[in-house]
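The values are calculated or read from the model by the stated rules, or taken from the named source; none is laboratory data. It should be emphasised that the depicted structure is a prediction, and the values quoted were computed from it without experimental measurement. Note that each Cβ is placed from the backbone with ideal geometry, even for glycine, and that neighbours are counted across all protein chains shown. Only protein heavy atoms, including side chains, enter the accessible area calculation; ligands, DNA and RNA are left aside. Shrake-Rupley method; radii C 1.70, N 1.55, O 1.52, S 1.80 Å.
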Amino acid sequence: MISLSGLNPEQRAAAETVDGPVLILAGAGSGKTRSITYRIAHMLENLHLPGHQILAVSFTNKAAAEMQERVKKLVPQSKLRKGLTMSTFHSLGIRILREDIHHLGYNNLFTIYDSADQMSIVREALKNYRANKSFEKGMVQSKISWLKNKGISAEEFVKSEYYDPENPYDGAVEMVYPFYQDKLRFYNALDFDDILFLVVKLFDAHPEVAKKYSERWKYLMVDEYQDTNGLQFRFIQGLTSTHNNICVVGDDDQAIYSFRGADISNILNFEKRFAGARVIKLEENYRSYKPILDLANLVIQENKNRKDKTMRTSQVGGEKPFLWSAADGDHEASVVVDDIIQLQKDGVHLGEMALLYRSNTQIPPFEDQFRLNQVPYNIIGGQKFYEKKEIKDLIAYLTVIMNPRDELGLRRILNTPNRGIGNVTLDKYLKVSGETKTPLFNVIEQEAPNNKRAELTTFTELIRDMKDVFEKQGLVEGVKEVIRRTDYLAYVEKSYDSTKFAARKKEDVENFINSAIRFQDRFGEDASLRTFVERLLLSDSQDSRNTGGGDEKRHEVTLMTLHSSKGLEYDYVYLVGMEEELLPHKKTIQENGDIGEERRLCYVGITRARKRLVMTYAKQRKIYGREVPRHPSRFVVTHDEAMTVQDRTTFVGMSEEEIKDVKDDFLADLIKSLS
């Protein structure tokens, strides 16, 4: 027998309720995974239900593996070997299609195409329609993917509400989508979106197939139900076509993936769609101290379209969350990193700290501060700023200007931007360099063939000239001049098919200039080309020593977007950029989008913190080269009683009484700015 005595009353009810439809509303930090693994163990060990009748579905392989590992610790291997199925939606879809896709006219030995293969077909389609230069392939492919996740076929598209004859891209999709599907079918291939799309099509066209799987798995569990889309709901309907034993687990307050097609109405309307459903609320939070949870409850309760629940905790004490205002984005990064350094001095491991943000565009000032202060960090779900191709190109230019003997840097930039120097020419230079023991740069100066002499002379003169520019005009002007004389921004623009992606890369180049400005502002006369490059390379060396496995991971601050943070937790959390037009995001405000989802995103960020939460906003930010006034986010501005509000630009050296006066004025300004 499996004992359920270690579960709280709500968790136990969730584990013991097996028959009929069940909605487990699992709030943040409420022991959701513990509850559902005990539920599976209870079904197998206490109720002696056959494992082959139980199906548990999650969204990621990691979540499925974690669930499986936890169940293994509770249930003997002999029980697990009897067919218990724990799977992701897509793995389950592939399993079903391998068995029954022949009903749709496919061979069950189909292959699954990756994004490069998919884009190749889109490119071919656009070329056939002579539209290759007029449309971005990525946008066309994205629309096809979106349509499939809505369950709309190529034939149905033009008749659907999602077709706009005035939209040129819809016209392109009208041409490309049928061609794309025909090609996939000809190759007996599927794309990732086809997996669920074709399972639903199979179930709709052949109810007997849906019935077969529904009878095979008589007990269905679905994790993270708030993240399901319309196609996944129809998939679930097929799997429950012969019974009503469905248990879904989720939290409508953490529904933050509508941009991926998730439909919050699936969880909000569960009782309407599955008659007689029992709702069990897990409202005890085992993660956060009470002041953090109090703020989270205040923020999320302002959403109207939600299930009623209030999280509670027995972890009393702890600090109120902080709301810091900073002068600008650079100052915001400075005060946060200074605070992290102080915590580290006090004995807190860097691995217990996380910095969360709404948009990747917020990262560069923080990366600069981490690097300047030699604080190791790791970006989850994104690329470090200084690891991006364009930034590595520019750093290579700086290292070669400083040291023309830097062969690796020289080889990186010799043909960047394109100077017509291919591998054959480079190999000749390298051979001469090796035979004569002459640095590669000097070989290029002396040995350039006639047909390449103009380009290479221009290049070598640039490297020689730029050393003088840095010495006479300083670091920032030198960086700007490198970018101008290499025409690097034009090179970036030509390098990418997507104008939107190219614009993002050009913004990275602008941020590199801003990095030099920050370095010069901090070090003044000591901010030379040499000191700048040395600090960058030293930081890279430090990073490489702290990116291994095991305990080394505990020596990095974690940086990630709010979307990436869901499901994670840290002792110390910095939620930065708590401003209107960042959280809630500008696009949501301008397009009258779902502010409720932005508030849920804020709630997710707050509830990642266990011991201490710091939120920050800047009074102004540099946007497209000019300083723009900013206002604190509506999500926190009205909850000053639940926070410790501090203006970090004015508190230095002030008494407690003076601080109180400033705080009162500050709060009045906060509320006035949104009234």
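Compute the distance in nm between two label points, each set 7 Å from the Cα along the Cα-to-Cβ direction, one at Glu166 and one at Lys218.
5.7 nm
Around Lys281, what is the net charge, scoring Lys/Arg as +1 and Asp/Glu as -1 over all other residues with Cβ under 9 Å from its Cβ?
-1
Given the C-alpha centroids of segment 338-357 and segment 273-313, what is the distance between them in whole angstrom?
Centre-to-centre (Cα) distance: 29 Å.
Using a 1.4 Å probe, what is the accessible area per residue for the chain, in Å²?
With the other protein chains kept in place, the chain gives 46 Å² per residue.
Please state the charge dipole magnitude for the chain, taken about the Cα centre, from unit charges on C-beta atoms (+1 on K and R, -1 on D and E), reported in debye and rounded to the nearest 20.
With only Lys, Arg, Asp and Glu charged at Cβ, the dipole is about 1980 debye.
Largest first, how would Tyr491, Tyr225 line up by accessible area (1.4 Å probe)?
Sorted descending by solvent-accessible area, the residues read Tyr491, Tyr225.
Can you give the relative contact order of segment 219-261 as a percent, counting alpha carbon pairs under 8 Å and 6+ residues apart? Intermediate results must be reported in sequence, preceding the final value.
Values: 38 pairs, mean separation 25.7, N = 43.
Relative contact order for segment 219-261 comes out at 60 percent.
Taking the alpha-carbon centroid of each part, what is the distance from segment 125-172 to segment 361-433 in angstrom?
The distance from the Cα centre of segment 125-172 to that of segment 361-433 comes to 38 Å.
Output the Cα-based Rg and Dmax of segment 316-432 in Å, rounding Rg to one decimal and Dmax to a whole number.
My reading of the Cα-based Rg and Dmax gives 20.5, 73 Å.
So if we plug the beta-carbon distance of Ser359 and Ser495 into 1/(1 + (r/R0)^6) with R0 = 25 Å, what FRET efficiency do we get, rounded to 0.05?
So the FRET efficiency works out to roughly 0.60.
Just how large is the dipole of segment 352-461 about the Cα centre, in debye to the nearest 20, putting +1 at every Lys and Arg Cβ and -1 at every Asp and Glu Cβ?
With only Lys, Arg, Asp and Glu charged at Cβ, the dipole is about 200 debye.
Probe radius 1.4 Å, ligands and nucleic acids ignored: give me the carbon and sulfur share of the accessible area of segment 216-320 as a rounded percent.
46 percent
Might you work out the accessible area of Phe274 for me, using a 1.4 Å probe with all protein chains in place, and round it to the nearest 10 Å²?
Near enough 10 Å² of accessible area.
Taking the Cα centroid of segment 602-618 and of segment 55-119, what is the distance between the two, rounded to the nearest whole Å?
Centre-to-centre distance over Cα atoms comes out at 35 Å.
Past 32 Å, Cα to Cα: identify those pairs from Lys73/Lys150; Lys218/Lys611; Lys309/Lys611, in the order given. Numbers along the way, then the final one.
Details: Lys73/Lys150 39 Å; Lys218/Lys611 42 Å; Lys309/Lys611 22 Å.
Beyond 32 Å between Cα atoms: Lys73/Lys150; Lys218/Lys611.
At what distance in nm do the modelled label points of Ile513 and Asp19 sit from each other, each positioned 7 Å from its Cα along Cα→Cβ?
Result: 7.2 nm between the two label points.
For a quick size check, give me the Cα extents of the chain along its three principal axes, largest first, whole Å.
82, 75, 54
What do you get for the angle between helix 453-473 and the principal long axis of the chain? Use alpha-carbon atoms, 0 to 90 degrees, nearest ten.
Long axis of 453-473 versus the principal axis of the chain: about 90 degrees.
Tally Lys and Arg at +1 and Asp and Glu at -1 over the other residues with C-beta under 14 Å from the C-beta of Arg522: what net charge comes out?
Computed value for this residue: -3.
What is the sum of charges around Glu319, taking Lys and Arg as +1, Asp and Glu as -1, for the other residues whose C-beta is under 9 Å from the C-beta of Glu319?
+3
With each pseudo-label sitting 7 Å past Cα toward Cβ, what's the Glu283-Asn128 distance in nm, one decimal?
The answer from the label model is 5.9 nm.
Using the alpha-carbon atoms, what tilt in degrees (0 to 90, nearest 10) does helix 137-149 show relative to the longest principal axis of the chain?
In the chain, helix 137-149 runs at an angle near 10 degrees to the longest axis.
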